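Notes follow once the structure below has been shown.
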Amino acid sequence: MARKIYVFDTTLRDGEQVPGAKLNKRQKLEIAEQLARLGVDIIEAGFPCSSPEDLQAVKAVAEQVKGPVIAGLARALPQDIDIAWEAVKPAERPRIHVFLGSSDIHLQKKLRRDRESALEQAVEAVKYAKKYCNDVEYSTEDASRTDFEYLCRVVDAVIKAGATVVNIPDTVGYAIPEEFGAMIAKLKEKVPALNNIILSVHCHNDLGLAVANTLAAIRNGAQQIECTVNGIGERAGNAALEEIVMAMKVRPAFYDAYTNINTKEIYRTSRMVSRIMNIPVQPNKAIVGSNAFAHSSGIHQDGILKDRSTYEIIRPEDVGIKAHKLVLTARSGRSALRYQLKELGFELQEEQFERVYQRFLNVADRKKEVTSEDLKTIVEVELTKVPETFSFFSLQTMSGNTILPMASVTLLKDEEKITESAVGNGPVDAVFKCIEKIVKKTAKLHDYDLKAVTTGTDALAEAMVRVEIDGTLYSGIGTSPDVIEASARAYVNAFNRHFAKNGENHP
Ligand code: KIV
Ligand code: ZN
């Protein structure tokens, strides 16, 4: 009989460790609600002892999100476990997730201790967590580089101490699928106590093998997989939820296992995570990339038109991608817009709808047709706006290869127009300098990404920036049919995030 594989989503914890992707309470709640709709079994909502804000965010998820188990991460220390419990205790089904390094590299170089005392600490931590909560997960950090005999001893000991889930992380993405699969099988053989609890794996993608390692572990008896939406996470990221789930769905006979994921929610979840965390999805990303279902070669198009199965192993609609034909123009009224938004799955409150409508008109005035992709982007950008200390009003630029690029930008602050001019290395640089003059702060640009949402010379452009302001990374997003305006809107958005985080103490 097919085995159930539990999906443990750590987008809100390991995924959030991506620099600049820190989430606030509202954003965590929005993603957690969607993860529940997606059907994940466990949501790791955060690392509560990492900050008072994260404690409050995990608590809010625990209070409000119904369905999945809500987990909070803790080091194997009483004070961490106390805080993790405070955060997850309101959940219908709380879990405390405790971890400690087990490899000699971690023990000697990071924790500066020997194996025996670490083993003792692990056991004590599980017993301590168990006083609060029946569901305790224990992770042997850096398991794939841990001496196997020692790993077996730790696993056995934490199960005896009460762990209900034991997680084997490939923390640094070092494992190779055949080897990792064999290790899981051998662990099950050497530690019989594993038959009474859930064995989990958690793979990182440093060698691009996180999904392959996770699937190999499933084949060899793992019952829980830890993953993130779009594979986001530390360094090269974590195993991508959508890729593991779809591999199992497309090849059921091979895996003889299933998940409870509602695959039709995959695309919507991917878009939401990308938008809220401001991490673009690469176009060729499996399952959710914009090219994942695009057929461009003539031979492939011919095959697809004759029978989709010739070149398609997944139907786009199975992951929630619908082809939308309706195209809106500046003459489309509110009701056409409302209808199309509903078709796209957006249920907006009146005030949100009005904001989207005004932005739609602004874009439609400058673009012949507003497609579904344009509209999705407009809605997503409008809905993730932070309170606007400054809002974009207008800009002019002058540039060319024989003149010094110049710009003049006007922003609104409390209804008042503020205009500044500057020269720069290019028009975008000049615009950024104007914005810095207006907001009276400088920012260091770490990343700048510009993409066309649709095709054609009047395509809607989406700009994403990642900037450092006062030592903290902020991301910003902006859209417009004009690439310079999109960039300006993204830069202003990043500053607004900074001001929102730091209260109103801007100059
Ligand atoms: O990668 C890792 O080892 C982790 C643990 C905390 C589970 O994220
Ligand atoms: Zn991890």
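The values are calculated or read from the model by the stated rules, or taken from the named source; none is laboratory data. Small disclaimer: the values here were computed from a predicted structure and weren't measured. Every residue, glycine among them, receives a Cβ derived from its backbone with ideal geometry; neighbour counts consider all protein chains shown. Note: areas computed on protein heavy atoms with side chains; ligands, DNA, RNA excluded. Shrake-Rupley method; radii C 1.70, N 1.55, O 1.52, S 1.80 Å.
Modelled spin-label separation between S394 and M1, with each label point placed 7 Å from Cα along the Cα-to-Cβ direction: 7.1 nm.
Taken about its Cα centre, the chain carries a charge dipole of about 460 debye when Lys and Arg each add +1 at the Cβ and Asp and Glu each add -1 at the Cβ. The long axis of helix 350-364 is offset from the longest Cα principal axis of the chain by roughly 60 degrees.
About its Cα centre, region 78-118 has a charge dipole of approximately 160 debye under the convention of +1 per Lys or Arg Cβ and -1 per Asp or Glu Cβ, with nothing else charged. Applying the criteria of a DSSP loop state and at most 15 other Cβ atoms within 10 Å to the trypsin sites (Lys or Arg not before Pro) of region 255-362 yields K322, K325, R331. Converting phi to 3J(HN,Hα) with the Karplus coefficients 6.51, -1.76 and 1.60 and the offset θ = phi - 60°, region 312-319 yields 10, 9, 10, 7, x, 5, 5, 10 Hz in sequence order, with x at every glycine or proline.
Output the antiparallel fraction of DSSP beta bridges having both residues in the chain, as a percent to the nearest 5.
In the chain, approximately 50 percent of DSSP beta bridges are antiparallel ones.
For the chain, the Stokes-Einstein estimate of translational diffusion at 37 °C and a viscosity of 0.692 mPa s comes to 134 µm²/s, using the Kirkwood hydrodynamic radius over alpha-carbon pairs.
Plainly put, region 82-133 has a radius of gyration that is 1.09 times its Kirkwood radius, both from alpha-carbon atoms, as the Rg/Rh ratio.
The GluC sites (Glu not before Pro) of region 1-92 meeting both criteria, a DSSP state outside H, G, I, E and B (loop) and at most 16 other C-beta atoms within 10 angstrom of the site's C-beta, are E92.
In the distance distribution for region 3-277, Cα-Cα pairs more than 27 Å apart total 32 percent.
A Stokes-Einstein calculation at 25 °C with viscosity 0.890 mPa s, built on the Kirkwood radius of region 185-301 over Cα pairs, returns a diffusion coefficient of 157 µm²/s.
DSSP assigns beta bridges within region 3-277; of those with both partners inside it, close to 5 percent run antiparallel. Mind checking the angle between helix 334-343 and the chain's longest principal axis? C-alpha axes, 0 to 90 degrees, to the nearest 10. The two axes meet at around 20 degrees. About its Cα centre, the dipole of region 391-502 is roughly 280 debye, where the only charges are +1 on Lys and Arg Cβ and -1 on Asp and Glu Cβ. The alpha carbon convex hull volume per residue for region 294-383 rounds to 120 Å³. Our analysis of region 1-133 gives Rg over Rh at 1.01, with the two radii drawn from alpha carbon positions and Rh computed by the Kirkwood formula. Out of every Cα-Cα pair that region 140-249 contains, those further apart than 22 angstrom amount to 25 percent. Pairs exceeding a 21 Å alpha-carbon distance, out of K417/K501; K306/K451; K22/K127; K28/K110; K89/K131; K160/K190: K417/K501; K306/K451; K22/K127; K28/K110. Projected over all directions and averaged, the alpha-carbon convex hull of region 234-301 occupies 6.3 nm².
A straight Cα-to-Cα reach below 16 Å connects K433 with the lysines K441, K444, residues fewer than 8 places away in its own chain not being considered. Each Lys or Arg adds one and each Asp or Glu subtracts one; over the other residues with Cβ under 10 Å from the Cβ of A216, this totals -1.
FRET efficiency for the H300 to V250 pair, using the beta carbon distance and R₀ = 25 Å, is estimated at 0.85. The figure for Y255 is an accessible area of roughly 30 square angstrom, using a 1.4 Å probe on the protein chains alone.
For the chain, the solvent-accessible area with a 1.4 angstrom probe is 44 square angstrom per residue.
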